[in-house]
Amino acid sequence: MRTAGTKLMLFALLLLAGFNLRAQETQKVFLSGTGSDHTVNWQFYCTEGRNSGKWTTIPVPSNWELQGFGKYNYGLDKDSLKGREKGLYKHEFTVPAAWQGKAVNIVFDGSMTDTEVKLNGKSVGPIHQGSFYRFKYDITNLLNYGKTNLLEVTVAKYSANASVNNAERKADFWVFGGIFRPVFLEAFPKAHVKAVAIDAKASGVFNAQLKLASVKAGSVTGQVYTLDGKKFGPGFSAGVKAGDTTIKISGNITSPKLWSPEFPNLYNVVFTLNQGGKVTHTVKQRFGFRTVELRVHDGIYVNNVKIKFKGVNRHSFWPTTGRALNKTQSIADVKMIKDMNMNAVRMSHYPPDEHFLDACDSLGLFVLDELTGWHGNYDNEVGAKLVHEMIEKDVNHPAIVVWDNGNEGGFNLNLDHLFGDLDPQRRPLIHPWTIYNGTNTQHYINYDYGTATNFHGHDVTFPTEFLHGLYDGGLGAGLDDFWELMWHTPLSAGGFLWVFADEAVVRTDKNGELDSDGDHGPDGIVGPYHEKEGSYNAIKEIWCPVRLEPREMTPKFDGKLRLENRYFFTNLKQCTFSYKLIKLSDAFHKVAADAKSGAIASPDVAPGQNGYLQMALPAGWQNYDVLYMTAYGPDKRELYTWSWPITGHDAITARMVTKAGSNKPTIKETDSLYKVSANGIELEFKRASGVLASVKNAKGNIPFNNGPVLAEGGDKTGFQRLKYRYDGDNVIVEGEFEKKANAAQMQWTIYPSGWVELSMRYWPVGEEGNLMGISFSYPEKDVKGVTYMGDGPYRVWKNRMKGVTLNVWDKTYNNTITGQGMVQYPEFKGYYSNLYWMKLNTTGQPVTIVCDNRDVFMRLFTPANPKKTYNTAPAFPSGDISFMNGITPIGTKSQKPEKLGTQGFPNKYFDYYRDINMALNITLYFDFSGK
C-alpha cells in the first residue's frame, strides 16, 4: 500500500514531468490581445492629427485611425506631411524566472509601417519596414527574467524607404497605421527547431526542411498523426551534426487522404529534436497532402486534376477596426466565400492573418498568397527580407497553391527566384496582370479579346481580376457568359472577381460616417458589414458545381432532371438532394399556402460527367404552384435551391381576377376624356392618347395614372384616335394606330366587377433597344413597399438573371444606392423578373396588378446613382412603375456591358412584316378597389 508521502512524491514527479514536457515545446505568450475581439491596452502617444501630443492608451492590436488618432489616408491620395504621423507605444510585462536559459523571441504579426522596437531601453534590432509580414527579434539577452520589462515601440505610418511607400501606400486601398496584428513572445529550449517547411505530395512522399539553432549531435524524428491524435504511417528520422543549421527529413505515407477544397483533409506532424538521448524540443505542424503543378500550354493541376478556379479577391478589412481582425471573422469570411460555391480566394494585396489561412486549410479554399505591390514594388533589400518572412510564415498551408509577386506592375523581378528557393513545394509563381511563366493573368479583359491571347492564346488563361464589381455592376452581371467560356476553354484556369466586400471605413472624425473614398471602395459582392448584395446569389447559382439543364415543368414532367457534375473531386452520389412543392397564397389570400417535400436519391455521376436526377414526385404534384429542388454538398452545405413554376400565369390570373358583377359599366364622353364607372370605380382616359388619366373609388383618388407609355418611342406610337364599344357586359376602350407604327394595340376592358384589363401590343424602335415595355406614374413618396409573386428577393439586370427564386415576396421601400453609406438590402428600386402579380402598398389605398404574360419584368422606380457611375448606371424608362419585355444590362467600372458577353448586348427584335401576332405583348389586370 502506498503511503501519503509516496503519493505526494508521485504527484510532484507527475507535475515535474508535465512541466518538462511543456518545456520541450515552444511556449507562446501574448503581450497584446489575440485579435480585434480580444485586445490589451498599451500606453500610446500619437505625434500628429487627432488626439495627438498626449499619452493615453490604445487597444492592441488595432489601427489607430479607428481609435480616434491621426489622419485617415486612402492610398491613391497624395501624401502630405500631415499624413505621416507616428505612434509611440509602451507596455510592461513579466516573464517567468524559469525562462532563464531559454531562447526567447518577440514576434510582431503585422505593423504599419516602419517599426522600431526597444526592450528595457535597448534596441532589439534594426527597424522593420513592411506592413503585412511577421517579423521577430531575439530578445534572450535583453529580458529581466522574473521581473518587469518595458517594451517601447515606435511605428511610423510613412516609411523611410521610398520603395515601401510605393508598394504599400500608393495603392488602391486604405492605408492604416499601427500595430494591427498580435504581438507575442515565443520561448524555446536553447537547442531548438526554428522553422519547418513541408512538402507533402499527393503520392504520400513527405519531405521537410528544418531550420535548427544551437544543436549538438543527435537526431530529428518525425511522426504523422490524424487530427484526433492517432498515428498515421511509419515514423521517419534524420541525423543531426553539431552546429547544423538546416536538415532535410523524409518519409513515405501509404494512401493518405488528400487535401482539396472539396475534401480539406489535414494531418499533424510532430518533429522531435533528440540530443544526448533526451528529447530537447518538439514542434507540431498541421499540413495536407496535395500536389500542385503548372503544366505549360495545358493548365493548373492539383492532385493530377485540372482545376478551374472560381475565385474572389479579398482584403483584410472591417469597417470599425480596419485591418485588425479576428479568428471568428476569418472563419465567417471563408464560409461566405464557400457559400457562393467558390473554391479559391486571392490575397489582395498582401499576406493575410494566420487565422484566415488556417480557416482556408480546414474549410477548404485554394489561396493565392501575394507579396505587396500595386504598380510600385519593394526594392531588392527590403523585398528579399519580406519574401523570406512571408514564405516562412505561410509555407505550410496546403490551401496556398500559387504565389503572387506583386500586382499590376508592382513586380520586382529580382525577387522571383526567392519563391522557388524558399518553397520546397515550388508552387507556381505569377505576376498578376501580365503574361509570365506560362500564365496569362491580364485584368479586365473583354469577353471576346484579341487573337493568339487570353482565351484564343496558348498560355494558361488565369485573370486574377476579370469583373470589377463597382456598386451593383459586374461580379454576378456578366459572370454567366464569362464562366461558360472559361469552363469550355481547355486553356482557361478560371479567374477571380474583384472584390469580396465593400471597403467602407467608419470615420471616427466624421460622426461615424461610412466612407468608401468615393468610387474607390464600393466594389464588393457583399457590403462593408457583409450584407448580401444582388450578385451574391447569382454567383452562387452560376458557380454551383451541380449544373442543371434548363427545362419546363409541363404536366407530363416525369421527375427526371439532366445535370452535369462540375466538381473536380466529388461524385454526386456523395451529395444529397431534396425537393419541395409549394402552393402560394395570393394578394387576397384566396388560396391557403401548402407544401409537401421529400428526399431524392443521389445519382452516381463522376466529376466532369453528365447524368440524371430522378425525383419521385407524389400524385397530384401538378396542383402545386412551384417546385423547389435543393442540392447539398458532401459537407451538408447548401449548394443551391432552384425553383420552377408549375402553375402558369393564366391560371394564377383566373384564380385572382373576378370579371362578373351585378351592373354593366357606364361610359361618358367629353371633348378630352372618356369617363367609365364600374362597381364604384371611376376611370378617365385621355382621348388624345388613350392613356389612363385618373382613378377614383368611394374612398378617394388613387394616383396611378399616365400610362401606358412606351418605354422607348413613347412619343412616336402612331396613335390616331380613341374609341369605345360594349362587348356583352364589358366596356372596351381602344386606340387606333397608323400602319407600321410602333404601337399596334392598346385595349382597355372594364368589367362589371370593377377590374380593368389592359392589352398592349407594340414593336421596339428599330431592330434593337435596351428598353421594351410600358410605364405608368405613381408618386414615389406615397409608396411603403410592394408584395408580389415573381422572382426575388433581389432585382435583376439583363446580364444578371440568375440567383433569384420564385415566391411571394414582401419588400419594404428603401432608397438604397448600392455600396454608398448606410444601406438596406435587398434594394427596392429596379427590375424584377417573372412577374405574376404585385400589390403596391402605399400611404393611401393599395393597387393590385396581375400580369397574364410570361417573362414580364416589374420595374419599381429608378435607382439613384452616386456621383461617378462609369458603366454602372443603366437606362430606365420614364414614369415610375413599368412592365417590361426587355430590360437593360449593367457594366463594370472598366467595361461596358456589351464587352462582358452576349447577355450584355442590347435587346434585339425584328418583325419585317409587322404581324400583330408577332408583336410584343403585355396583358395586365388592375384592381383599384383599395382592398
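General remarks:
- Verdict on Thr221 being within 40 Å of the chain's Cα centre (by Cα), β-branched (Val, Ile, Thr), under 26 Å from Lys28 (Cβ atoms) and part of a strand (DSSP E or B): no
- Unique match (being buried (at least 18 other Cβ atoms within 10 Å of the Cβ), in the same structural domain as Asp37 (by TED's automatic domain parsing) and either of a type in the set (S, T, N, Q) or closer than 30 Å to His315 by Cα (or both)) among Val183, Val196: Val183
- Those residues of the range 863-904 which are among the aliphatic types (A, V, I, L, M) and assigned to a loop (DSSP other than H, G, I, E, B), in sequence order: Ala864, Ala873, Ala875, Ile887, Ile890, Leu900
- Filter result for Ala538 (modelled with pLDDT of 95 or more and either buried (at least 20 other Cβ atoms within 10 Å of the Cβ) or within 25 Å of the chain's Cα centre (by Cα) (or both)): yes
- Filter result for the condition that a residue is touching a residue at least 60 places away in the same chain (Cβ under 8 Å), buried (at least 22 other Cβ atoms within 10 Å of the Cβ), under 39 Å from the mean Cα position of the chain (by Cα) and assigned to a strand (DSSP E or B), over Gly707, Gly773: Gly773
- Condition met for Ala171 (modelled with pLDDT of 95 or more and not assigned by TED's automatic domain parsing to the domain that holds Tyr301): no
- Scope the range 455-469; condition more than 17 Å from Glu898 (Cα to Cα), in a loop (DSSP other than H, G, I, E, B) and without any contact (Cβ under 8 Å) to a residue 60 or more places away in the chain; matching residues: Gly457, Pro463
- Strands (runs of 3 or more DSSP E) fully within the range 560-609 counting 2 or more residues that are of a type in the set (D, E, K, R) and under 30 Å from Asp810 (Cβ atoms): 576-583, 594-600
- Scanning the range 437-454 for residues that are in contact with a helix residue (DSSP H, G or I) (Cβ under 9 Å, 6 or more places away or on another chain), of a type outside the set (Asp, Glu) and free of Cβ contacts under 8 Å to residues at least 40 places away in the same chain turns up Asn440, Gln442, Ile445, Tyr449, Gly450.
- Single match in Phe411, Phe419 (criterion: touching a strand residue (DSSP E or B) at 6+ places or on another chain (Cβ under 8 Å) and assigned to a loop (DSSP other than H, G, I, E, B)): Phe411
- Sole residue being out of contact with any His (no Cβ under 9 Å at 6 or more places or on another chain), crowded, with 19+ Cβ neighbours inside 10 Å and farther than 22 Å from Asn343 by Cβ, chosen from Asp472, Asp480: Asp472
Results for (1) under 29 Å from Tyr301 (Cα atoms); (2) of a type in the set (Ser, Thr, Tyr); (3) in contact with a Lys or Arg (Cβ under 9 Å, 6 or more places away or on another chain), shown as yes or no for each residue.
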{"site": "Ile249", "(1), (2), (3)": "yes, no, no"}
{"site": "Leu258", "(1), (2), (3)": "yes, no, yes"}
{"site": "Pro264", "(1), (2), (3)": "yes, no, no"}
{"site": "Val269", "(1), (2), (3)": "yes, no, yes"}
{"site": "Gly276", "(1), (2), (3)": "no, no, yes"}
{"site": "Gln285", "(1), (2), (3)": "yes, no, no"}
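- Against the conditions (1) surrounded by 19 or more Cβ atoms within 10 Å (Cβ to Cβ); (2) of a type outside the set (Gly, Ala, Ser); (3) at pLDDT below 95; (4) over 31 Å from the mean Cα position of the chain (by Cα), Phe19 satisfies every one except (1).
- Checklist (1) at negative phi; (2) buried (at least 21 other Cβ atoms within 10 Å of the Cβ) applied to Gly494, failing item: (1)
- Inside the range 665-690, residues that are of a type outside the set (Phe, Trp, Tyr) and surrounded by 22 or more Cβ atoms within 10 Å (Cβ to Cβ) make up a count of 5.
- For first residues located in the range 595-611 and outside the structural domain of Val626 (by TED's automatic domain parsing) and of a type in the set (Asp, Glu), partners that are surrounded by 12 or more Cβ atoms within 10 Å (Cβ to Cβ) and not in a strand (DSSP E or B) and lie 6+ apart or on another chain with Cβ distances below 9 Å do not occur.
- Residues of the range 40-68 classified as free of Cβ contacts under 8 Å to residues at least 40 places away in the same chain and either basic (Lys, Arg) or not in a strand (DSSP E or B) (or both), total: 5
- Scanning the range 850-862 turns up at least one residue that is in a loop (DSSP other than H, G, I, E, B), among the polar types (S, T, N, Q), outside the structural domain of Asp523 (by TED's automatic domain parsing) and touching a Phe, Trp or Tyr at 6+ places or on another chain (Cβ under 6 Å).
- Being surrounded by fewer than 18 Cβ atoms within 10 Å (Cβ to Cβ), assigned to a loop (DSSP other than H, G, I, E, B) and modelled with pLDDT of 95 or more is a property that Ala654 lacks.
The values are calculated or read from the model by the stated rules, or taken from the named source; none is laboratory data. Remember, it's a predicted structure, so these values are computed and weren't measured experimentally. Cβ atoms come from the backbone with ideal geometry, glycine included; neighbour counts cover every protein chain shown.
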